[in-house]
Amino acid sequence: MPFLYTQGNNQKGDKGKGVFDVQRHRRRLFLYGKEAHGRGGESRPVRGNEEEIQLAVEEITKIVEEAVTGEVFGVWFLIGAALVFFMQAGFAMVETGFTRAKNAGNIIMKNLMDFCIGTVVFVALGFSLMMAEDYVFGFIGIPNLNIFTDFGGFIEGNASSFVFNLVFCATAATIVSGSMAERTKFVSYCIYSGVISLFVYPVEAGWVWNSQGWLAQLGFHDFAGSAAIHSVGGITALIGAIMVGPRLGKYVTGKDGKVKKVNAIPGHSITLGALGCFILWFGWYGFNGAAAWDGTSLASIFLTTTIAPAVATCTTMIYTWIKNKKPDVSMCLNASLAGLVGITAGCDALDALGAIVVGVVSGVLVVVVVEYLDLKLHIDDPVGAVGVHMANGIWGTLAVGLLANPAAPAGLEGLLYTGNPKLLGVQTLGIAAVLAWTGVLMTIMFALIKKTIGLRVSPEEEVKGLDSTEHGLPSAYADFAPAVESLDYGFEEAVAVTGDTPVAEAVPVKKVPSFTQEEGTPKLTRIEIVCKEARFETLKSALINIGITGMTVSHVLGCGVQKGKPEFYRGVQVEANLLPKIQVDIVVSKVPVQSVIDTAKRVLYTGHIGDGKIFVYDVENVVKIRTGEEGYDALQDVE
């Protein structure tokens, strides 16, 4: 295998990536295995020292590997940014699925505008505040607007960083959408989204990720954003949920003003929520892994990013199964995201055991925080954003100081592995500073919006749904019938009168003509049977066997005094006051009424509450439209 080396001094700038340092080795020109020219011009074979040749091979191999790795991971960095952008779809699906259908379009619009508004303000100012080379006292960058004034120089050194930090910024902004869902003015939300992306996020993220930031100088470690992104979005979600107030009907208060009952408001599509969870998990491999610097670090990050959410989900499944007697689907979806948030700060610094510990704590923490906020503090967070992002963002940041393993790619020294408390102290200081900065600024911002244009829509708009009132969209699901709501919105018997139509015209009452039955005509009877869906086929077959040739079947919702055993949604007991049933209507004359009743009772009875009910009514007349037959004859299916 031939290797060619040149003798002589390097030119200025030759030393660097992909260039072999000949001066340091001081070798003469030779071509291994071929002839070379000596000083006198004579041709003679030259054999290099085998040890020198081996060193040269290793040096060139190293240079090639560094060059290839640099190019590959530069491309992977941008691919990772694209994956993080795709996470916007995941957030949109989770938030839409966990809320009601009448607000689906509003949720989608907010997630779309988080990224679009964020891009505009991040280009204008945010990126300069965050990553400028001129950084004041480790606190804030001085805007230089090079993206407009020196585009060629900007794309050479900052284009990748800009795109990557932009999609991270959008993630921090969109976390808040879910906690304030279903009752926030769209214009107010747009203002919030612009402010957090313009100033709040760029400043604190610069502390962490700009090499001149004061937290970075202290050694604070937040590899992918448990503190800089998720804690920021989480605490903003908490402040926003408190200031906008709970959804109508969520909490029932007594005369003393204290909450006496907490209502569950289930999301309209757990399927969409699950799709969003899977999209987010997939995108998280880019979220955590995009900044990996070699194959080993990337593999380690993927490993911890897989273990933590899986363990968190299993933990929550077991925990809710024991606590509520059944595993909670929506909580398990939240747990997957909680585990991902928890591992984000230390994905490059923790080992497999550390990822397991993070997952176990995250799986319990998300349930405890979500239920405590709802049941004890009465803070309405429809999607669990505070429990997922704030609580686990804090935990993930502190976990680095506790569980960092020196053998992991980051090489950090955690307290439990080395006994050194320094890193834990820095992590504690960092997360406290980030939370304080965000908490103060976002409280001021929400207060100003509330005092000026208002944060919340009117009660009438909230009941109708924000799709129609905020966006003129009749329904995000135009071809589907809306679900029947059973919430007490707190209006009691009072109804706001907004029109001027007289009662007699608005709610007309009309008498139905009465037809007297002539003597000697067979009696007509309508029998209405309400039963469980699972028993319908058995009932239908039994009725046909006794001579019933026609029936009308409807899906209905109903309730009784007995609600059955309690069910739970996100830790809140669900009032089972509207349950799906089947209603069967038949009109008989020839078949004895008692025979129908006895047959229905026989096949529907199981000995449990909710087997069904049977109603019997007199019928004045029956008319068969096709033939014009009436009464008894209309019921006979004989041609």
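The values are calculated or read from the model by the stated rules, or taken from the named source; none is laboratory data. These numbers come from a predicted model, not from an experiment. Every residue, glycine among them, receives a Cβ derived from its backbone with ideal geometry; neighbour counts consider all protein chains shown. Just so you know, the surface numbers come from the protein's heavy atoms only, side chains and all, with ligands and any DNA or RNA stripped out. Shrake-Rupley method; radii C 1.70, N 1.55, O 1.52, S 1.80 Å.
Take the Cα radius of gyration of the stretch 121-268 and divide it by 2.2 N^0.38 Å, with N its residue count; two decimals is plenty.
On the way: Rg = 19.3 Å, N = 148, 2.2 N^0.38 = 14.7 Å.
Relative to the rule-of-thumb radius for its length, the stretch 121-268 sits at 1.31.
Against the 2.2 N^0.38 Å scaling, with N counting residues, where does the stretch 383-467 land? I'd like the Cα-based Rg ratio to two decimal places.
1.68
Based on alpha-carbon positions alone, could you give the equivalent ellipsoid semi-axes of the stretch 188-300 from the gyration tensor, as √(5λ), descending, whole Å?
Values: eigenvalues 263, 93, 33 Å².
Output for the stretch 188-300: semi-axes of 36, 22, 13 Å.
List the residues, sorted by chain then number, that are 5 or more residues from Asn158 or on another chain and whose placed amide H is less than 5 Å from its amide H.
Sorted by chain and number, the residues that satisfy this come to none at all.
Considering only protein heavy atoms, what per residue accessible area in square angstrom results for the stretch 363-441 with a 1.4 angstrom probe?
On the way: 2810 Å² over 79 residues.
With the other protein chains kept in place, the stretch 363-441 gives 36 Å² per residue.
May I ask you to list the chymotrypsin sites (Phe, Trp or Tyr not before Pro) in the stretch 583-639 that are in a DSSP loop and have at most 11 other Cβ atoms within 10 Å of their Cβ?
Working: sites: Tyr605, Phe615, Tyr617, Tyr632; in loops: Tyr605.
Counting only loop positions with at most 11 other Cβ atoms within 10 Å, the chymotrypsin sites (Phe, Trp or Tyr not before Pro) in the stretch 583-639 are Tyr605.
Using a Förster distance of 56 angstrom, determine the FRET efficiency expected from the C-beta separation of Tyr477 and Asp134, and round it to 0.05. It would help to have the intermediate numbers written out before the result.
Details: r = 51 Å, r/R0 = 0.92.
About 0.65, to the nearest 0.05.
Which loop-located trypsin sites (Lys or Arg not before Pro) does the stretch 300-386 contain, where loop means any DSSP state but H, G, I, E or B and the Cβ has at most 13 other Cβ atoms within 10 Å? Walk me through the numbers on the way to the answer.
Working: sites: Lys323, Lys325, Lys376; in loops: Lys325.
When the trypsin sites (Lys or Arg not before Pro) of the stretch 300-386 are filtered for loop state and at most 13 Cβ neighbours within 10 Å, Lys325 remain.
Leaving ligands, DNA and RNA out of it, report the carbon-plus-sulfur percent of the accessible area of the stretch 213-336 at a 1.4 Å probe. Before the final figure, lay out each step's value.
Numbers: 3320 of 4750 Å².
Taking all protein chains in place, the stretch 213-336 shows 70 percent carbon and sulfur surface.
Using the structure shown, select from Lys102/Lys260; Lys325/Lys613; Lys581/Lys601 the pairs with a Cα to Cα distance greater than 20 angstrom. Numbers along the way, then the final one.
Details: Lys102/Lys260 27 Å; Lys325/Lys613 30 Å; Lys581/Lys601 16 Å.
The pairs that break the limit, which is 20 Å between Cα atoms, are Lys102/Lys260; Lys325/Lys613.
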